[in-house]
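Just so it is clear, none of the values below were taken in a lab; they were calculated from the coordinates. These figures come from a predicted structure and were not determined experimentally. All Cβ positions, even for glycine, are placed from backbone atoms using ideal geometry, and neighbour counts span all protein chains on display.
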Amino acid sequence: MALEKITSVSGQGVYVPGDDIDTDRIIPARFMKCVTFDGLGKYLFYDVRYDSDNNLTQHALNDPRFSKASIMLSGMNFGCGSSREHAPQSLHRAGYRAVIAGNFAEIFFGNAINLGIPCVALQQSERNSLAEIIESTPDTEIKIDLVQREIIANDTRFTFEIREGARESLLNGKWDPIDELLSKAEDIQKVASSLSYS
Amino acid sequence: MSKHNLFQKVWKSHEVGTLENGQTQLLVGRHLIHEVTSPQAFGMLREKNLAVRYPERTFATVDHIVPTDEASEPYSDPLADAMIKELRKNCDETGVTFFDVSSGKQGIVHVVGPEQGLTQPGMTIACGDSHTSTHGAFGAIAFGVGTSQVRDLLATQTLALSPLKVRRIEVNGKLSPGVYAKDVILHIIRKLGVNGGTGFAYEYAGEVFDNFSMEERMTACNMSIEGGARVGYVNPDQKTFEYLKGRPYSPNESEWDSAVENWKSMASDPGCVYDDVVYFEASEISPTVTWGINPAQAISVEENIPEPEHLTGSEATSTIEALEYMKLDAGAPIKGTPVDVAFIGSCTNGRLSDLEEVATRLNGKKVKEGVKAIVVPGSQIVSQMAEEKGLDQIFKDAGFEWRNAGCSMCLAMNPDKLIGDQLCASSSNRNFKGRQGSPTGRTMLMSPLMVAAAALKGEIADSREIFPS
Ligand code: SF4
């Protein structure tokens, strides 16, 4: 099955401030008691979106101005902690198609790219400017252009960073590697039988 | 001949080829799975009509959701019950070996692998779990993966990966009494930061790691991921080989000598090049406690809680956020912070030596009234060995609950949870907001002996004062 070539992502943004937002925060462990990923979208950031009496909090994801957002902006080391793919899965199922942050924890980054969610890195000062645009004019359409490595919001352009291999796999529609991996069955067998352990 | 480090050698020997996007297709010789991150992967295989290609290379156990105080199924939590049954079914259908609860070998996946001799030097090991770095203690390249990659592994035994840089971390000198592997790794993370290791494999070395037992090396490697490093390892040595001798999945007598030769050849060559080298002095490390909401927010038990006024930028902001969540006073001594719960267990510190270290020093002392203290062995085998030594009785006499093996309160996917804003002295590895099951629950990470000290005193205490040697 050919995958979609992801050359850009456009949509409204939402700003979730903070560094070191871990995957336990993105999706608390108790919602991982499931045998499929279906329905995880509603538990995204659950413990910061609801208070102990189950009332909605002031969290940005509860703000109706950002209810249509599909691009999340956050701080440094986004997605650290647990390797749970439940985290990018819940982002995706809640409608998020890209994440902009200072940088990303490695396992999260790999998991997200595998699902076709570009994760792009911006400098602090540019994140601040972008956050200001999102907060002051929530309707602004933000475009993440993977070809030009640019984020465009109104008249402002920011150059972002993303690991080249990841960018290419998104651009070429190869972000899910399974078909390519499967096609190398013979080479795999060769290496497997060369190992000193079985 | 050019010189290489262990990471490069192991990587090279498992390379299948280069993918179109420039990544390496890497063969993973051992694949470990558990009930939380594998069912969706088996589902994806079914959807794509794919088989498990090398079922003999995958091993399963159940750890996260198992209750530690009820032994029989069905479990009272229907979701947990569905998860264990799903794993059992997936293993049955595909021929994957499953260390089920009835096998006597069940436990936390990172305790079970080494215990069974599945974890060996020179291997590539992956598991849908970030603490897979634990297995690096044996000189394996071991890392956590997501569920789509669990699918890739089941279907092809390979992954698409980019190589890591290698940072050698040397800890030299001698640790003072009362300072443990847990303190060493918390100290390293405190100094290098929670994302200091991004893009790196950590090679731990120096006298301290040379002198560590295998279990201590596992404790340190376990938390590599807490410093942002996906992989952490120690070069294999005589201790590694001795540990592995005679384990169920270790090479047998006739293969042993050649296996050891091969393992030795995998160690980093003297004089090889690293991308970075960092040095620490053992004498600078004290019993360490976290005060915040990430594992780098740690201080020595003798220090005071940081004051945001003395910090700048994002460090100040994150300190304010952490102190607010932890309900701690800036500038106050960390010692004396009241605790509600004490948890000894997890893949960081739930092994026999951890339990022994505490039990042999309890000496008739009692858990402070009002503190809930639980001990959860990392595996059924740890539990059995501990019981043979009578440790369970010592713990129970001191007022600890003695539980069945599992992850338990490390992340509270089973019934063991904090309630409200309880504060837990914990021997586990993560102090994230809500980690131990209550959205407002508070976690302070420390060594098992420091947890015991907190349990006896009812507050954060210096284990060296509570248990003078
Ligand atoms: S003990 Fe904790 S960290 Fe270890 S595998 Fe279980 S949940 Fe994960």
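Once each part is reduced to its C-alpha centroid, what is the distance from the range B:362-385 to the range B:189-267 in angstrom?
Between the Cα centres of the range B:362-385 and the range B:189-267 lies a distance of 27 Å.
Taking H placed 1.01 Å from N in the peptide plane, check which residues at least 5 places from A:Arg157 or on another chain put their amide H under 5 Å from its amide H.
none
Mind checking the dipole of the range B:6-161: about its Cα centre, +1 per Lys or Arg Cβ, -1 per Asp or Glu Cβ, Debye to the nearest 20?
700 debye
Any aspartates and glutamates with Cα under 13 Å of the A:Lys5 Cα? List them, leaving off those in the same chain fewer than 8 positions away.
A:Asp145, A:Glu168, A:Asp176
Can you bin chain A into rounded, prolate or oblate? Criterion: square roots of the alpha carbon gyration tensor eigenvalues sorted a ≥ b ≥ c, rounded for a/c under 1.5, prolate for a/b above b/c, oblate for the rest.
Here chain A falls in the oblate category.
Counting only residues 5 or more places away or on other chains, whose amide H sits under 5 Å from the amide H of A:Glu150 once H atoms are built in the peptide plane?
Close amide H contacts, sequence-distant or interchain: A:Asp145, A:Phe160.
Using a simple spin-label model with points 7 Å from Cα along the Cα→Cβ vector, what separation in nm is obtained for A:Thr156 and B:Glu465?
It works out to 5.1 nm between the two label points.
Evaluate the distance, in nm, between pseudo-label points positioned 7 Å from the Cα of A:Ser52 and of B:Ser2 along their respective Cα→Cβ axes.
6.0 nm
With charges only on Cβ, +1 for K and R and -1 for D and E, what is the dipole size of the protein assembly as shown about its Cα centre, in debye, rounded to 20?
Here the size comes out at about 660 debye.
Explain nothing, just the number: relative contact order of chain B, from Cα pairs under 8 Å at least 6 residues apart, as a whole percent.
17 percent
Once the other residues with Cβ under 13 Å from the Cβ of A:Glu161 are scored (Lys, Arg +1; Asp, Glu -1), what is the net sum?
Neighbourhood net charge equals +1.
Report the residue, chosen from A:Asp176, A:Asp63, A:Asp187, that carries the largest GNM mean-square fluctuation when chain A is represented by alpha-carbon nodes joined by springs under 10 Å.
Fluctuation is largest for A:Asp187.
Under a straight-distance cross-link criterion of Cα-Cα below 17 Å, which aspartates and glutamates are reachable from A:Lys68, leaving out those fewer than 8 residues away in the same chain?
Leaving aside aspartates and glutamates fewer than 8 places away in the same chain, those within reach of A:Lys68 are A:Glu135, A:Asp139, A:Glu141.
Taking only C-alpha pairs under 8 Å that are 6+ residues apart, what is the relative contact order of the range A:16-69 in percent?
Relative contact order of the range A:16-69: 29 percent.
About the Cα centre of the range B:323-392, how large is the charge dipole given +1 on each Lys and Arg Cβ and -1 on each Asp and Glu Cβ? Please answer in debye to the nearest 20.
200 debye
Kindly write out, for the range B:317-331 in residue order, the coupling ³J(HN,Hα) from the Karplus curve 6.51 cos²θ - 1.76 cosθ + 1.60 (θ = phi - 60°), rounded to whole Hz, with x marking Gly and Pro.
3J(HN,Hα) across the range B:317-331, in whole Hz: 4, 6, 5, 4, 4, 5, 5, 5, 5, 7, 6, 10, 8, 4, x.
Give me B:Met444, B:Met450, B:Met223 sorted ascending by neighbouring Cβ count inside 10 Å, so fewest comes first.
B:Met444, B:Met223, B:Met450
Non-local amide H neighbours of B:Glu307 (under 5 Å, H modeled in plane, Pro and chain starts lacking H): which ones?
B:Gly331
Using a Förster distance of 35 Å, how high is the FRET efficiency between B:Tyr325 and B:Asp276, based on the Cβ-Cβ distance and rounded to 0.05?
The computed FRET efficiency comes out at 0.60.
Going down the list B:Lys417/B:Lys457; A:Lys184/B:Lys165; B:Lys335/B:Lys368, which pairs span over 18 Å between their C-alpha atoms?
As for pairs spanning more than 18 Å Cα to Cα, those are B:Lys417/B:Lys457; A:Lys184/B:Lys165.
From the phi angles alone, apply the Karplus equation (6.51, -1.76, 1.60; θ = phi - 60°) to the range A:33-49 and give each ³J(HN,Hα) in whole Hz, x where the residue is Gly or Pro.
7, 7, 9, 9, 8, 4, x, 6, x, 6, 9, 4, 6, 3, 6, 9, 8
Tell me the label-point distance for the pair A:Ala185, A:Leu3, using the 7 Å Cα-to-Cβ offset, in nm and rounded to one decimal.
According to this spin-label approximation, the distance is 2.1 nm.
Convert each backbone phi in the range B:242-258 into a coupling constant with the Karplus relation 6.51 cos²θ - 1.76 cosθ + 1.60 (shift: θ = phi - 60°), then list the ³J(HN,Hα) values in order as whole Hz, x for Gly and Pro.
Once rounded to whole Hz, the list reads 4, 4, 7, 4, x, 6, x, 9, 6, x, 7, 2, 5, 9, 4, 4, 6.
With the dipole of chain B worked out from charges on the C-beta (+1 for Lys and Arg, -1 for Asp and Glu) around the Cα centre, which of B:Ala332, B:Ser265, B:Leu445 lies farthest toward the positive end?
Towards the positive end, the residue furthest out is B:Ser265.
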